[in-house]
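Okay, so here's the structure we're looking at.
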Amino acid sequence: MIDSEEEEKKRKAIQKQYANIGPRPGTIIKKKQIVPKDTDTLASEILILYKGILTNLSNSVKNAIEIGERLNRRKLELEYGLFSEWVDKTFPFSLRTAQRWMEVSLSYANKEFIVTEDTDLNDIYEMLKEKKRLAREKLITENKVTYNYKELRIRNKKRIPLSKTESKALLSYLTEAQSLIKTKAEKKIAQFQKEIDLLK
């Protein structure tokens, strides 16, 4: 009987301890509520899918694609500049999140990835980020003009006019070369100074 009383006391003490756990006094907890802010059926569908992403991560990719499709549709329906305002007023998620889902939806429509049970939304975000990086690199390399700087320097010294792009390219090349030479010279000077200091 004594054992059961002690166990009962321990159980009550533990319950009391856990009952006291909660937010600190004076803290205000704000929770985003998934409540439609307009009676729009498309917005209601998006909110339901958004709730699905939060509760069931295995369907998150499919829900993100469906939300993106609906958001793309709504963006086409609204006048220019009103879409971001509509998203901010209607949904608990950010405009950037909406844009990412729209991008996921378009990529899926273009068959850039296949949804399987193992497909993770973060993997798709990474794939899209890599795709953008590669597109930027491709654009830079395609638009990159190679110059014969030796020839441009000769033309510049002889006062033969250069185009604006040639002038900018030569200026960039010369300032970079000058900076590199200065850096090398400063290193050499520092090396000589160390040797001089050793001789003193």
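Derivation of every value follows stated rules applied to the coordinates shown; laboratory data play no part. For clarity, every value in this text was computed on a predicted model and none was experimentally measured. Ideal geometry is used to build each Cβ from the backbone, glycine not excepted, and the neighbour counts take in all protein chains shown.
Hey, how many Å between the Cα centroid of the range 106-132 and the Cα centroid of the range 136-200?
Centre-to-centre (Cα) distance: 42 Å.
For the range 149-199, evaluate the Debye formula with one uniform point scatterer on each Cα (no solvent term) and list log10 I(q)/I(0) at q = 0.13, 0.23 Å⁻¹, rounded to two decimals.
These q points yield log10 I(q)/I(0) values of -0.48, -0.81.
Just round it to a whole percent: the fraction of Cα-Cα distances in the range 83-141 exceeding 18 Å.
When every Cα pair of the range 83-141 is considered, 47 percent fall beyond 18 Å.
Towards the positive end of the charge dipole of the range 41-142, with charges on Cβ (+1 Lys, Arg; -1 Asp, Glu), say which of Gly81, Ile53, Ser107 has the farthest Cα.
Farthest towards the positive end: Gly81.
Suppose a student asked you for the relative contact order of the range 41-142, using Cα pairs under 8 Å spaced at least 6 residues apart; what percent would you report?
27
At R0 = 30 Å, how high is the FRET efficiency between Ile154 and Gln193 if r is their beta carbon distance? Nearest 0.05 is fine.
0.20
How many nm is it between the label spots at Arg136 and Leu174, if each spot is 7 Å from the Cα in line with the beta carbon?
3.1
State the volume of the convex hull built on the alpha-carbon positions of the range 41-142, expressed per residue in Å³ and rounded to an integer.
Residue-normalised Cα hull volume stands at 114 Å³.
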